[in-house]
Amino acid sequence: MKVIHIAAVPAGESAADEWDDLVQPDRVHRRVYTDPAIFAREMDHVYAASWVYLAHESEIPEPNDFRQAWLGTREVIVTRDEEGQIRVFSNRCSHRGATVCREHQGNAANFTCPYHGWRFDNRGQLFGIPGKNAYGPAFKARDMHLARPAQVASYKGFIFATLNSEAPPWPSTSAMPHAIWTPGSSTMGALRTSSWPALSAFASAATGNWSGTTRATATTCRSRTSRCW
Ligand code: FES
């Protein structure tokens, strides 16, 4: 049996060419689940580049409903605005980066940042600045709306977003791996879920990176033994 010796590497200094040996046909090295550099690379190359599921439309059925979600490591607010349009924008204030909304879910026509009181509507547009004159003549409120993902789309009630402006439009056969998206035959393509209400979401917290949690869950579901070393 080939034994792989992995030297301790300070966080953030892993070399990508070391990583190929970490995944073998019958086992996965524990570092895959714990190395901050691998985690950062995954966030960049997977979560920032791809379409990411955020929420189901039935979780925000009424005008002004909202819920929080994560787009990789970025916290976002998913809303249904007054006209019924789905909106997605950052939950980080465009002023000093404070968390704008601390409620996981609710109904609100606007959000007020708790730090300096800037007010944003539920499309992420800045419309209220206490003491606006104090910010000086160069300040341009029109440049300070909450950041939005490059693309947002809803498919059969499932809301997705991506930070990648060049990602293939969703839904399309090239937007997701074939096994996930094939109209009429895949898991999602076969679903007729736009009328299904999402009663609640399953959430859990784990110390480790996302792939470890996902793999552990999938392994449990399949009753297979996963080997790590
Ligand atoms: S950080 Fe939000 S208003 Fe200043």
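Rule-based calculations on the coordinates, nothing more; no lab input. The structure displayed is predicted, hence computed values, not measured ones. Positions of Cβ are generated from backbone atoms using ideal geometry, with glycine treated the same way; all protein chains shown enter the neighbour counts.
Around Ala161, what is the net charge, scoring Lys/Arg as +1 and Asp/Glu as -1 over all other residues with Cβ under 11 Å from its Cβ?
Result for the neighbourhood of Ala161: +3.
In a shell of Cβ-Cβ distance under 12 Å around Tyr47, excluding Tyr47 itself, what net charge do Lys and Arg (+1) and Asp and Glu (-1) give?
Numbers: positive: Arg41, Arg74; negative: Glu42, Asp44.
Value of the local net charge: 0.
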